[in-house]
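This report refers to the structure that appears directly beneath it.
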Amino acid sequence: MSSERRDRAVRAAVEQGLLTEEQPVAALLDVAGIRTCAAALRDAFAAVTDAPVLHAFAVKAAPLVPVLALLDDEGIGAEVASPGELALARAAGVRPERIVLDSPAKTPGELREALALGIAVNADNPQELARIDALVRSAPSTSPVGLRINPQVGGGAIEALSTATATSKFGVALRDEGARESVVRAYLDRPWLTRLHTHTGSQGVPLALMAEGVAAAYDLAEEINRAACRQQIDTLDIGGGLPVNFASDDQTPSFAEYAQLLRERVPGLLDGRYGLVTEFGRSLLAKHGLILARVEYTKTSGGRPVAVTHAGVQVATRTVYDPASWPLRIEAYDAKGRPRTGESVVQDVAGPACFAGDLLAEARALPPLEQGDVIAALDTGAYYFSNHYGYNSLPRPGVHGYTTAPDDTVRFSVVRAPQTMAEIVAESGGAQPDALL
Ligand SMILES: *Cc1c(COP(=O)(O)O)cnc(C)c1O
């Protein structure tokens, strides 16, 4: 989001009382920004292919029903990887033909439900294919079914998010001894296996490597179709994984850049013979969300200023545990929500949790923060506040969508209400205090 739009939203959030003593953390989602981003994704692929393309948002990036409904309104479906994510997509009204089920650990019950609903399923491995064999024999299904392969093209800068390494847990490792032949055989044995899936993400993986993974899947699809003497594979699911720029407001790389790269690198993929599925998550939401938190205290420690805020590991889990991989930009505002100016000083921005590493930013140059100020953690629309971590029984913050009217007034709507103390007690065994007595 632009810094102007952001500043206006922060100011309005403070003025409209979204941040209080009881609710010292609030998350904001820029509705117009999400819509613009969804349109950019659609346009990027429409510019390179006439084939049907289903863009399925990776629900884990922002598992919030109103977000899924907003994206559905923009023509974007849902990629789900658990019964919970499927339930969210259905609650958002996403139609079965726009839902794709992935996950390396689907149970027989999950597979049965997916096949009964007619949602697309990507099998992870041969054992799962065998389960699907039995299920489709007993009850014919309209679900398009694919197999996930790991092209083993290598990892990116963040090991934990690299899905296409030699030993990744995902999919069939295509370069392993005998794997390619057995995948081709698996397709020839199953005329209903009509899709092929790969996801060479995520954050930290360069575009060229992503394209190499897609190219490997395309080459395999061509090989299978030649062996089958027909176009058995009619759709390639190329996954998500477009990296996000956390260093500035620029949206780079863009969906258009990636689509153009695919056109150069894998032209056959886009010549109309194959339908496409994409599964972008972070790149659709990250830059359209932010976390606001009140500064409760300021102090100095070892001579370094420290601002103790209410946002820490519970909403920025990856940043706190792996700050080198997940640095977040922090903006400083005063108690009225106006941007703080003034000579920057090097300071720590700490969270509320009881361990020393709970820092949103360490040794960061920011205008001097004061008690009662507000900090904003930027680019947190994906995988941050929506993926809350329950440490210290800290509540899930409220999430508020906002739109700006032509006269610059900002309107908020509740996407997710803040978690209540009663809910925290209830989910922590509060109904059975005597269970261990
Ligand atoms: C997580 C995931 C995605 C989305 O990745 P992003 O980096 O958020 O775009 C897509 N597909 C699969 C199978 C995933 O596991």
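With a 10 Å cut-off between alpha carbons and a GNM built on the chain, which of Asp102, Asp219, Asp72 moves the most?
Comparing Asp102, Asp219, Asp72 in a Gaussian network model of the chain, the most mobile one is Asp219.
Enumerate the lysines that Lys169 could reach by cross-link, defined here as Cα to Cα under 28 Å, with residues fewer than 8 away along the same chain left out.
Lys60, Lys106
Taking the Kirkwood radius as the inverse of the mean 1/r across Cα pairs, report the Rg/Rh of the chain.
Result: Rg/Rh = 1.01.
What angle do you read, to the nearest 10 degrees and between 0 and 90, between the alpha-carbon axis of helix 207-228 and the longest principal axis of the chain?
That works out to roughly 20 degrees.
Alpha carbon centre of the stretch 251-287 versus the stretch 27-50: separation in Å?
Taking the Cα centre of each part, the stretch 251-287 and the stretch 27-50 sit 12 Å apart.
Quick one: 3J(HN,Hα) in Hz for the stretch 166-180, Karplus 6.51/-1.76/1.60 with θ = phi - 60°, rounded, Gly and Pro as x.
After applying 6.51 cos²θ - 1.76 cosθ + 1.60, I find 4, 10, 4, 7, 8, x, 8, 6, 5, 8, 5, 3, x, 5, 4 Hz.
Among Asp379, Asp237, what is the fewest-to-most ranking by other Cβ atoms within 10 Å?
Asp379, Asp237
Which value in nm describes the separation of the simple spin-label points at Glu22 and Arg411, placed 7 Å from the Cα toward the beta carbon?
Going by the 7 Å Cα→Cβ label model, 2.5 nm.
All other residues with a Cβ under 9 Å from the Cβ of Leu54 taken together, and with Lys, Arg as +1 and Asp, Glu as -1, what is their net charge?
-1
Students often get this wrong: which residues of the stretch 287-301 have the backbone nitrogen under 14 Å from the point 7 angstrom along Cα-to-C-beta of Ala335?
It comes to 294-298, nothing else.
Just subtract the alpha-carbon distance of Ser182 and Tyr321 from 0.36 nm times their residue separation and send over the number in nm, one decimal. Walk me through the numbers before you get to the answer.
Details: separation 139, 0.36 × 139 = 50.04 nm, distance 4.01 nm.
Contour length minus the Cα-Cα distance gives 46.0 nm.
Between the stretch 74-101 and the stretch 149-183, how far is it from one alpha carbon centroid to the other, in angstrom?
26
I need Tyr218, Tyr321 ordered by Cβ neighbour count within 10 Å, fewest first.
Ranked by crowding around the Cβ, least crowded first: Tyr321, Tyr218.
Among Leu129, Leu68, Leu29, which one shows the highest mean-square fluctuation when the chain is modelled as a Gaussian network with alpha-carbon springs under 10 Å?
Leu129
Could you run the Karplus curve 6.51 cos²θ - 1.76 cosθ + 1.60 with θ = phi - 60° over the stretch 321-331 and give me ³J(HN,Hα) per residue in whole Hz, x for Gly and Pro?
7, 9, x, 5, 7, 10, x, 10, 6, 10, 10
Roughly how tilted is helix 255-265, in degrees to the nearest 10 and between 0 and 90, from the longest Cα axis of the chain?
For helix 255-265, the angle is close to 30 degrees.
With each label point set 7 Å from Cα along the Cα-Cβ vector, what nm distance links Glu423 and Ala363?
3.9
Roughly what would the spin-label model give for Ala160 and Glu296, points 7 Å off Cα along C-beta, in nm?
Reported label-point gap for Ala160 and Glu296 is 2.4 nm.
I need Glu97, Glu85 ordered by Cβ neighbour count within 10 Å, fewest first.
Starting with the residue having the fewest Cβ neighbours, the order is Glu97, Glu85.
Can you bin the stretch 15-115 into rounded, prolate or oblate? Criterion: square roots of the alpha carbon gyration tensor eigenvalues sorted a ≥ b ≥ c, rounded for a/c under 1.5, prolate for a/b above b/c, oblate for the rest. Don't jump to the answer; show the numbers that get you there.
Working: a/c = 2.79, a/b = 1.26, b/c = 2.22.
Note, shape of the stretch 15-115 comes out oblate.
If you build the Cα gyration tensor of the stretch 31-285 and take the root of 5 times each eigenvalue, what three semi-axes come out, in whole angstrom, biggest first?
Over the Cα atoms of the stretch 31-285, the ellipsoid semi-axes are 26, 22, 17 Å.
Every read-out reported here was derived from the displayed coordinates using simple, explicitly stated rules and does not represent laboratory data. Note that the structure is a prediction, hence the values are computed from the model and not measured. As a convention, Cβ positions derive from the backbone with ideal geometry for all residues, glycine included, and neighbour counts pool all protein chains shown.
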